[in-house]
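Student: One structure follows; several queries about it will come next.
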Amino acid sequence: MTRPLAAPLSPQHGHLPHAEPSPVTRPFWEGCAAGELLFQRCRGCRAAQFPPAEHCRACLETDLGWERGAGLGSLYSWTVVHRPVTPAFTVPYTPAIVDLDEGYQMMTNLIGVAPEAITPDLAVQVEFHDTAGGLRLPYFRPRGTA
Amino acid sequence: MFGLLDPMSAHRRAAIVGVHNTPQGRRLENVTSRGLLVQAALGALADAGLALEDVDGVNAEPDAAGLIYDLSLGPAWQGRQFGIAAVPEAISAIESGQADVVLIAAAAAGVYRDRASTAPWTRPENEFVAPWGLFTAAEFALVARRHMITYGTTPEHLAQVAATIRNNGHHNPEAVYYGRGPFKPEDILASRMVADPFHLLDCSMTSEGGCAIVVAAADRLPDVIARPVYLLGAGADHFGPSYRYPPGWDLGGRRGGPVNGQVGKLAADRAFRHAGIDRPDVDVLELYDPFSFEIIRQLEAFGFCEPGEGGPFVADGHIDITGSHPVTTDGGTMAFSHAGASPQMLQRVIRGVQQVRGQAGPSQVPDASIALCSGGGAGALFNVVTILGTEPT
């Protein structure tokens, strides 16, 4: 008899730690509020860049533009956390690194899948969720499960 | 070769001449970090047979300036590196004529306040990391997962490492978890999950304590009562700030070469090249052990086994005290102590010194004369390597 899978992972709802955005990073969070996953692209060498910075990390060009990504990617690595870093987090939750199709990596939490069902290179898509205090975060779930 | 050279000589050498650990404990009563710092400093000077008046250089990051003032040690050279990197920095300062006797000290008491078991200096503040609930166990787990995906490394391999190091602590009377074993890999796997693949017993503990190291110019050796230990080689690999960016295995740089998952490889290669020795010459590996997987990763990065072979390597008993590659012989951060950012790493060097001096008690590696000591890890984007020996090269 197979053991039934645990419940799918959920987004957080508490007051999560979050640094005050800087002028360089604010467009990303404004994008999240609008339900868009933004990233920087260098107008010099066309490299995608995240997290944002004042210079292109590849060619040092300062002419960087924001683009809206498709929000599609694949799972690079993950860990299912059972002991929260602070009481603001509800366990289990799953910090993950996602490879975006546009060619950059970002940290996120994986949702919408049972911990035991997570597999390497899982195809994922972005999904925005509100947490307490008005912070809207980009989570990722298996593609086609929304 | 190491006569009374002029302090400004281009050929001046320095050696580690004193080491000391204060008592370590999960919580120490009626002590402060500053008090422990002084206790550790005086202990290491006593071990060396030197006096406070001999000290003209200090590193106790982040408290070095305060210690210089409180101990009236000025004018003194002040070191700025933390952890293992403080040792090559002090030796360079002496060998370049900036100081004669450098005291490196580190201590922590009363720092684990909030959520008592997460080290406060590791809490991510970056806006692209913090809201995802990252902490060290999760950061290092993200690295371990890539190795498991790529090479098939198993939780059992990780548990073998944790059981080995915890058993070293079980046998060490100075360890916080002395007598708490013995542990079998099954015991590690049966402990509660923290951030998979890491169970509670795959992770370091939190504790309090102090430690110190005295480094002196070779021309001061006639005054020293301890057997000098030489830095044969060192290296430091950094990929960026700790706990602010995704700890990707494949994070690389514009020169190519090793990626973050192999952090410490270039450092080790440089250290061995400078020392003029190779891996088979090393008798004991005092590897930093924040999480069990880091031992497997470092054995590969430092070239003691091939990439991907670290799991089967530790499963075959190589890393036991009686094995070919004994690791972290005092019990490390899992069982000896994990008292703050700098002490936990300096204690790898202290244990390396104890081993090559033959002062490692029940966990002495027979006839050890060369030790490799490391600090940092791929989850933190840096690794520092030192090779110590009883004979200068």
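Student: For a protection proxy built on the mean count of beta-carbon atoms within 10 angstrom, sort B:71-77, B:141-147 highest first, please. Don't jump to the answer; show the numbers that get you there.
Tutor: Working: B:71-77: 15.4, B:141-147: 25.6.
My ranking of the peptides, most packed first, is B:141-147, B:71-77.
Student: Net charge near B:A46: determine it from the other residues with C-beta under 14 Å of the C-beta of B:A46, scoring Lys and Arg +1 and Asp and Glu -1.
Tutor: On the way: positive: none; negative: B:D47, B:E53, B:D54, B:D223.
Once all neighbours under 14 Å are counted, the net charge is -4.
Student: Sorted by mean Cβ packing within 10 Å, highest first, what order do the peptides B:17-26, B:341-350, B:245-254, A:124-133 take?
Tutor: The packing order, highest mean first, is B:341-350, B:17-26, B:245-254, A:124-133.
Student: Treat every Asp and Glu Cβ in the protein assembly as shown as -1 and every Lys and Arg Cβ as +1, leave all other atoms uncharged, and give the resulting dipole magnitude about the Cα centre to the nearest 20 debye.
Tutor: 860
Student: Would you work out the charge dipole size for the stretch A:2-145 about its Cα centre, treating the Cβ of every Lys and Arg as +1 and the Cβ of every Asp and Glu as -1, and quote it to the nearest 20 debye?
Tutor: Values: 11 positive and 14 negative charges, 51 e Å.
For this selection, approximately 240 debye.
Student: Between the stretch B:168-183 and the stretch A:123-146, what's the alpha-carbon centroid distance in Å?
Tutor: 45
Student: So what's Rg/Rh here for the stretch A:70-146, counting alpha carbon atoms and using the Kirkwood radius for Rh?
Tutor: Result: Rg/Rh = 0.95.
Student: How about the stretch A:6-104: which trypsin sites (Lys or Arg not before Pro) there are in a DSSP loop, with at most 15 other Cβ atoms within 10 Å of their Cβ?
Tutor: Numbers: sites: A:R41, A:R43, A:R46, A:R57, A:R68; in loops: A:R43, A:R46, A:R57.
For trypsin sites (Lys or Arg not before Pro) across the stretch A:6-104 that sit outside H, G, I, E and B with at most 15 neighbouring Cβ atoms in 10 Å, the list reads A:R43, A:R46, A:R57.
Student: Still on this model: With unit charges on the beta carbons (Lys and Arg positive, Asp and Glu negative) and the dipole taken about the Cα centre of the stretch A:70-146, which residue among A:Y93, A:A146, A:M107 sits farthest to the positive side?
Tutor: Toward the positive end, the furthest listed residue is A:Y93.
Student: Among B:I225, B:I277, B:V31, whose Cα sits farthest toward the positive end of the charge dipole of chain B (+1 at Cβ of Lys/Arg, -1 at Cβ of Asp/Glu, about the Cα centre)?
Tutor: B:V31
Student: Please compute the modelled spin-label separation between A:C45 and B:T393, points set 7 Å along Cα→Cβ, answer in nm with one decimal.
Tutor: 3.5
Student: A follow-up question, please. Fewest Cβ neighbours within 10 Å first, please rank B:E294, B:E29 accordingly.
Tutor: Lowest to highest Cβ neighbour count: B:E29, B:E294.
Student: Please report B:C305, A:C45 as a ranked list, fewest other C-beta atoms within 10 angstrom at the top and most at the bottom.
Tutor: A:C45, B:C305
Student: Which whole-number percentage describes the relative contact order of chain A, with Cα contacts under 8 Å and a sequence gap of 6 or more? Provide the component values of the computation, followed by the final result.
Tutor: Numbers: 291 pairs, mean separation 38.4, N = 146.
Once normalised by length, the contact order is 26 percent.
Student: Sorting check: for B:226-235, A:14-23, B:60-69, which peptide has the highest mean count of neighbouring beta carbons within 10 Å, and how do the rest follow? Could the numbers behind the result be given before it?
Tutor: Details: B:226-235: 23.0, A:14-23: 13.4, B:60-69: 18.2.
Result, highest mean first: B:226-235, B:60-69, A:14-23.
Student: Please give the average number of partner chain Cβ atoms lying within 10 Å of the Cβ of each residue in B:187-197, rounded to a whole number.
Tutor: Per residue, the average neighbour count from other chains is 3.
Student: Could you let me know the centre-to-centre spacing of the stretch B:215-272 and the stretch B:326-393, using Cα atoms, in angstrom?
Tutor: With the stretch B:215-272 and the stretch B:326-393 each reduced to a Cα centre, they are spaced 13 Å.
Student: Can you bin chain A into rounded, prolate or oblate? Criterion: square roots of the alpha carbon gyration tensor eigenvalues sorted a ≥ b ≥ c, rounded for a/c under 1.5, prolate for a/b above b/c, oblate for the rest.
Tutor: Prolate is the answer for chain A, as a/c is 1.5 or above and a/b outweighs b/c.
Student: Could I ask something else about it? Of the options B:G169, B:G252, A:L137, report the single residue whose Cα projects farthest towards the positive end of the charge dipole of the protein assembly as shown (beta-carbon charges: Lys, Arg +1; Asp, Glu -1).
Tutor: A:L137
Student: Enter the mean number of other protein chain beta carbons within 10 Å of the beta carbon of each residue in B:135-142, as an integer.
Tutor: Values: counts 7, 1, 5, 10, 3, 1, 6, 8.
Mean partner shielding for this stretch: 5.
Student: How many nm is it between the label spots at A:A33 and B:D250, if each spot is 7 Å from the Cα in line with the beta carbon?
Tutor: 3.5
Student: The stretch A:1-83: which GluC sites (Glu not before Pro) are DSSP loop and have at most 16 other beta-carbon atoms within 10 angstrom?
Tutor: On the way: sites: A:E30, A:E36, A:E54, A:E61, A:E67; in loops: A:E36, A:E54, A:E61.
In loop regions of the stretch A:1-83 (DSSP not H, G, I, E or B), the sparsely surrounded GluC sites (Glu not before Pro) are A:E54, A:E61.
Student: Could you work out the mean count of beta carbons from other protein chains within 10 Å of each residue's beta carbon in A:49-60?
Tutor: Counting Cβ atoms of other protein chains within 10 Å of each residue's Cβ and averaging gives 1.
Student: When the C-alpha atoms of the stretch A:21-69 are aligned to their principal axes, what extent does each axis show, in angstrom, from largest down?
Tutor: That works out to 30, 21, 13 Å along the principal axes.
Student: Could you give the radius of gyration (one decimal) and Dmax (whole number) of the Cα atoms in the stretch B:291-341, in Å?
Tutor: Every Cα atom of the stretch B:291-341 included, Rg and Dmax give 11.5, 32 Å.
Student: At what distance in nm do the modelled label points of B:R34 and B:E306 sit from each other, each positioned 7 Å from its Cα along Cα→Cβ?
Tutor: Between B:R34 and B:E306, the label points sit 5.7 nm apart.
Student: Among A:H55, B:H199, which comes first, then next, by fewest other beta-carbon atoms within 10 Å?
Tutor: Placing the least packed residue first, the sequence is A:H55, B:H199.
No lab work stands behind these numbers, since they all come straight from the coordinates. Everything quoted here is computed from the prediction, not taken from an experiment. Cβ atoms come from the backbone with ideal geometry, glycine included; neighbour counts cover every protein chain shown.
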